[in-house]
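Asks: Handing you this structure, nothing more for now.
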Amino acid sequence: MKNPLTVIAVFVLLALTCTATPSSADTERVSRTIGIDAGGTLTLKSFSGRITITGSDRTDVSIEGTRSGTREALDRNKLEIDGDRSHVRVVENSQGRSERRDRDDRDQAVETEFTIQVPRRLNLDIDLFSAALEVRDIDGDHTVKTFSSRARLDNVNGSIRAKSFSGSFDLRPTIWREREAIDVETFSGRIELRLPDTARGSIDFESFSGRLESMVPIALSTTSEKRMTGRIGSSSGGDGTVRLKTFSGSVTVNR
């Protein structure tokens, strides 16, 4: 039988441990509006949290955000927002990860929720670590880079270049223009691509151990253990290109 004093000592130790846990994170609210011309560029860099970007009939970039973290993290990692009529820049957690290598990232990073409204015609340049991303109703040339983020682009049209390590991509363009280009690459992340009925052009799928499932008819040109090329749609002019590359992630192409 255990010594009662030992049991009491354990409970006391657990109680002290619980009371020593830091209190809930501090929060800061952000609200900014910057005018921008249609066809301009929004650059956004963030570490963790959630980002929602929506296009509408407006002539500015409206940024509403909530930053959460320890007081030290909020003071150390400044949010940078600046821009002009052609380019708006939003950089969260601008401090490099190498500067925190001797600290716990969870204590040093700031988690931010952004709700951003922009003109419908806008270019996006997005770089995320683990922040979830949702973009809707925007037309332009877009670059999205993530490490482990889940990213969904719904009714986001124009050229798309997306790259991630383990994050997933859900791309749903609704318009297919001449020389359209979609280029998606992951290491182990899932890729889901929904193409409009008018999509046509070449498709190139490359993977080491990933699997391609296509509900869209593909006329094969070449096929091997690790690569497949072909075309979708008719052979008329104005072809676009679809490139899908993954090491072990699954890929689905659908309408």
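The values are calculated or read from the model by the stated rules, or taken from the named source; none is laboratory data. Note that the structure is a prediction, hence the values are computed from the model and not measured. Neighbour counts run over all protein chains shown; Cβ positions are idealised from the backbone, glycine included.
Asks: Quick one: residue 254 ticks every box in (1) surrounded by 14 or more Cβ atoms within 10 Å (Cβ to Cβ); (2) at pLDDT 95 or above except a single one, so which number is it?
Replies: Every listed condition holds for residue 254 apart from (1).
Rundown of residues vs (1) of a type in the set (Gly, Ala, Ser); (2) buried (at least 19 other Cβ atoms within 10 Å of the Cβ), yes/no style:
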site: 127; (1), (2): no, no
site: 131; (1), (2): yes, yes
site: 149; (1), (2): yes, yes
site: 214; (1), (2): yes, no
site: 228; (1), (2): no, yes
site: 232; (1), (2): no, yes
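Asks: Given the stretch 145-255, what strands (runs of 3 or more DSSP E) lie entirely inside it while holding 3 or more residues that are on the phi > 0 side of the Ramachandran plot?
Replies: Output list is empty.
Asks: Can you name the condition, by its number, that residue 135 falls short on among (1) out of contact with any Asp or Glu (no Cβ under 8 Å at 6 or more places or on another chain); (2) assigned to a strand (DSSP E or B)?
Replies: Among (1) out of contact with any Asp or Glu (no Cβ under 8 Å at 6 or more places or on another chain); (2) assigned to a strand (DSSP E or B), residue 135 violates only (1).
Asks: Please determine, by comparing only the residues of the stretch 31-60 that are in contact (Cβ under 8 Å) with a residue 60 or more places away in the chain and of a type in the set (Val, Ile, Thr), which one is farthest from residue 110 (Cα to Cα).
Replies: Result: 59.
Asks: With 175, 203 as the choices, which residue is surrounded by 19 or more Cβ atoms within 10 Å (Cβ to Cβ) and either over 23 Å from residue 77 (Cα atoms) or among the aliphatic types (A, V, I, L, M) (or both)?
Replies: 203
Asks: Name every residue in the stretch 34-73 that is out of contact with any Phe, Trp or Tyr (no Cβ under 9 Å at 6 or more places or on another chain), within 15 Å of residue 125 (Cβ to Cβ) and crowded, with 20+ Cβ neighbours inside 10 Å, in order of residue number.
Replies: Within the stretch 34-73, 36, 40, 42, 61 qualify.
Asks: Checking residue 41 against (1) hydroxyl-bearing (Ser, Thr, Tyr); (2) touching a His at 6+ places or on another chain (Cβ under 7 Å); (3) modelled with pLDDT under 95, which single condition isn't satisfied?
Replies: (3)
Asks: Separate question: Starting from the stretch 231-242, keep only residues that are farther than 9 Å from residue 180 by Cβ and at pLDDT 90 or above, then list their pairs with residues that are charged (D, E, K, R) and not in a strand (DSSP E or B) whose Cβ atoms are within a distance under 9 Å, requiring at least 6 positions of separation or different chains.
Replies: 231/200; 231/239; 232/200
Asks: Looking at the stretch 45-63, which of its residues are touching a Gly at 6+ places or on another chain (Cβ under 8 Å) and of a type in the set (S, T, N, Q)?
Replies: 59 - this is the single residue of the stretch 45-63 that is touching a Gly at 6+ places or on another chain (Cβ under 8 Å) and of a type in the set (S, T, N, Q).
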